[in-house]
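Report on one structure; see the data block that follows.
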Amino acid sequence: MSVLIVGSIALDTVKTPVEEHADLLGGSASYASLGASFFSPVKLVGIVGDDFPESEFDFWKERQIDATGVQRVSGKTFRWSGEYAWDMNTRETRSVALNVFEHFRPDLPEAYRETDFVLLANIAPALQSHVLDQMKEPRFVVADTMDLWIETARADLDALLPRVDLLILNDSEARELTKETSLIKAGRKIRKAGPKYVAIKKGEHGALLFGENEFFSCGAYPLEDIHDPTGAGDTFAGGMAGYLASASGKPDFASLRRAVIYGSVLASFNVEAFSLERLRTLTIEEIRERYDVFRAMSAFDERA
Ligand code: AMP
């Protein structure tokens, strides 16, 4: 089954304490769609300018990512620049140029409207709702968000939440959204605002998953070298949504738990190189191998 993904497509400039690279492919939808494509065909929705490399469209075609829904308009592609501190977690946005993204209206091609699985990657919640308004009857809706929307578009976000099956956000965003210090209280409170499931990402400390009466905690892969954390969250969301679309039937807590592990596996590969470079060479065998390492990490034999 395919997954419809809407979000930003960007050209990023990223600085870490040891390296800096400019004009890299980025954006929430770019990371999420490549992450999802390891498990399911993707229908991508976004906007780019006339400076956007044609080679990316060729790459998407090779990777079962249908880019019919990507509008190419005259002007410059959205640009974002960020700088990481030594912990490779704290990040400061250096500049944002919305360019063609400023007037983006995600109007779906007719053929996209019956897609069963939807990932509303990080964009303004009003645009995320606009996508849902055009869908026939999606079976499962995943949404990502960020601190900016919690601070500047709270009413739109509150209106979106009851329409979402799984909300993905990071720990500081969960605390900001709920004004709770405990992530357990925050996860439960967000569920009450609408989403059946909530996944809270904790960066290098793994992720938490909340269901009605269920809870799952997933550790993080013990990576030694992190080159660029950009897009880890988007890749996690893409991996989760892609895996859920590939499993048969309506997702239950057991499949969501596996999806959290697959999302974590993909995010752990993504940060090994700048931009989407690691995901471009990644194979399904490498994903399965690391999935088994995750499983072994969480297994515990009390006789040992
Ligand atoms: P993450 O590291 O998961 O937070 O995602 C980083 C990506 O988000 C970068 O590739 C940026 O191009 C993109 N991005 C930054 N700001 C925004 C924004 N306001 N809306 C949508 N995407 C953004």
- Message: Where the second residue is outside any strand (DSSP E or B) and within 11 Å of the ligand (Cβ to nearest atom) and the first is closer than 18 Å to ASP23 by Cβ and of a type in the set (S, T, N, Q) and lies in region 80-99, which pairs have Cβ atoms under 7 Å and are six or more apart or on separate chains?
- Response: ASN99/THR77
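Residue by residue, here is whether (1) assigned to a strand (DSSP E or B); (2) among the β-branched types (Val, Ile, Thr) holds:
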{"residue": "MET1", "(1), (2)": "no, no"}
{"residue": "LEU4", "(1), (2)": "yes, no"}
{"residue": "LEU24", "(1), (2)": "yes, no"}
{"residue": "ALA29", "(1), (2)": "no, no"}
{"residue": "ALA36", "(1), (2)": "no, no"}
{"residue": "LEU44", "(1), (2)": "yes, no"}
{"residue": "ILE47", "(1), (2)": "yes, yes"}
{"residue": "ASP50", "(1), (2)": "no, no"}
{"residue": "GLU56", "(1), (2)": "no, no"}
- Hey, among the residues in region 53-83 that are touching a helix residue (DSSP H, G or I) at 6+ places or on another chain (Cβ under 6 Å) and charged (D, E, K, R), which one's most open to solvent (accessible area, probe 1.4 Å)? LYS76
- Message: If I go through region 250-302 residue by residue, how many of them are open to solvent by less than 30 Å² (accessible area, probe 1.4 Å), under 30 Å from GLU83 (Cβ atoms), part of a loop (DSSP other than H, G, I, E, B) and out of contact with any Pro (no Cβ under 9 Å at 6 or more places or on another chain)?
- Response: 5
- Sole residue being more than 12 Å from the chain's Cα centre (by Cα), of a type in the set (A, V, I, L, M) and farther than 19 Å from GLU224 by Cα, chosen from ALA245, ALA273: ALA245
- Query: Considering region 114-154 alone, what residues qualify as being assigned to a loop (DSSP other than H, G, I, E, B) and either under 27 Å from THR90 (Cβ atoms) or within 12 Å of the ligand (Cβ to nearest atom) (or both)?
  - Reply: ALA121, ASN122, ILE123, ALA124, THR145, MET146, ALA153
- Name the residues in region 207-230 that are within 16 Å of the ligand (Cβ to nearest atom) and either among the acidic types (Asp, Glu) or open to solvent by less than 50 Å² (accessible area, probe 1.4 Å) (or both), would you? ALA207, ALA220, LEU223, ASP228, PRO229, THR230
- Is region 92-104 home to any residue that is open to solvent by 20 Å² or more (accessible area, probe 1.4 Å), out of contact with any helix residue (DSSP H, G or I) (no Cβ under 6 Å at 6 or more places or on another chain) and under 30 Å from GLU137 (Cβ atoms)? yes
- Query: Within the set of pairs 6 or more residues apart or between chains, which connect a residue that is closer than 15 Å to LEU209 by Cβ inside region 242-253 to a residue that is assigned to a loop (DSSP other than H, G, I, E, B) and open to solvent by 60 Å² or more (accessible area, probe 1.4 Å) with Cβ atoms less than 7 Å apart?
  - Reply: PHE253/GLU214
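The values are calculated or read from the model by the stated rules, or taken from the named source; none is laboratory data. Not measured: the values here are computed from a predicted model. All Cβ positions, even for glycine, are placed from backbone atoms using ideal geometry, and neighbour counts span all protein chains on display. Heavy atoms of the whole protein, side chains included, go into the accessibility calculation; ligands, DNA and RNA do not. Shrake-Rupley method; radii C 1.70, N 1.55, O 1.52, S 1.80 Å.
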